[in-house]
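The values are calculated or read from the model by the stated rules, or taken from the named source; none is laboratory data. The structure presented is a predicted model; accordingly, all values stated were derived computationally and were not measured. Neighbour counts are summed over all protein chains in view; Cβ atoms, including those assigned to glycine, are modelled from backbone coordinates with ideal geometry. Only protein heavy atoms, including side chains, enter the accessible area calculation; ligands, DNA and RNA are left aside. Shrake-Rupley method; radii C 1.70, N 1.55, O 1.52, S 1.80 Å.
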Amino acid sequence: MSTNKDYLNFLLDQLSFLEGITYRMMMGEYLIYYRGKVAAYICDDRFLVKPVPSAIKMLPHAEYDSINPGDRKKLLRVDNVDDRNFLTDLFNSIYDELPFPKSKQVK
């Protein structure tokens with residue numbers, strides 16, 4: 001099952017207070033970038049963020065979820081997507097803890 005485009009557009013609107021939000025489609029799902037760093041995933045109409053310490057602090061009761069069943073990489077599911085101010089604060093707090101994407105080396 002892939003993510004509904006309407007859900008992507010809703011989340012992009014919710015994140016519109018932030019400058020530097022971009023996205024990339026990957027196999028029917030989406031990566032959300034914040035100022036060049038991968039900050040979140042939208043998979044099967046679920047909004048998932050990387051479990052960096054500040055995200056864990058802001059989402060103490062969030063469930064851990066994975067992109068694919070059986071995947072060992074666990075992410076935090078954000079259920080409070082209706083609160084635009086919360087999402088803005090969440091992305092601003094996790095930004096410094098997110099790594100920049102690894103650059104692809106040309107062979």
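For region 49-81, taking the residues that are touching a strand residue (DSSP E or B) at 6+ places or on another chain (Cβ under 6 Å) and acidic (Asp, Glu), the one that is nearest to residue 34 (Cα to Cα) is identified as 65. Selection of region 1-55 for residues being touching a residue at least 24 places away in the same chain (Cβ under 8 Å) and part of a helix (DSSP H, G or I) yields 7, 8, 10, 11, 14, 53, 54, 55.
Checking 83, 89 one by one, the residue that is within 20 Å of residue 8 (Cβ to Cβ), modelled with pLDDT of 95 or more and open to solvent by 40 Å² or more (accessible area, probe 1.4 Å) is 83 and no other.
Is region 64-74 home to any residue that is of a type in the set (Phe, Trp, Tyr) and at pLDDT below 95? For region 64-74, residues of a type in the set (Phe, Trp, Tyr) and at pLDDT below 95: present. Residues in region 59-80 that are under 22 Å from residue 17 (Cα atoms) and either open to solvent by less than 60 Å² (accessible area, probe 1.4 Å) or in contact with a Pro (Cβ under 6 Å, 6 or more places away or on another chain) (or both): how many? Looking only at that region, the number is 4. Answer with yes or no whether residue 82 is without any contact (Cβ under 8 Å) to a residue 60 or more places away in the chain and among the charged types (D, E, K, R). Judged against the criteria, residue 82 is not a match.
Annotation note: of 68, 92, the sole residue that is assigned to a helix (DSSP H, G or I) and more than 18 Å from residue 5 (Cα to Cα) is 92. The one condition from (1) more than 20 Å from residue 84 (Cβ to Cβ); (2) surrounded by fewer than 18 Cβ atoms within 10 Å (Cβ to Cβ); (3) not acidic (Asp, Glu) that residue 20 does not meet is (1).
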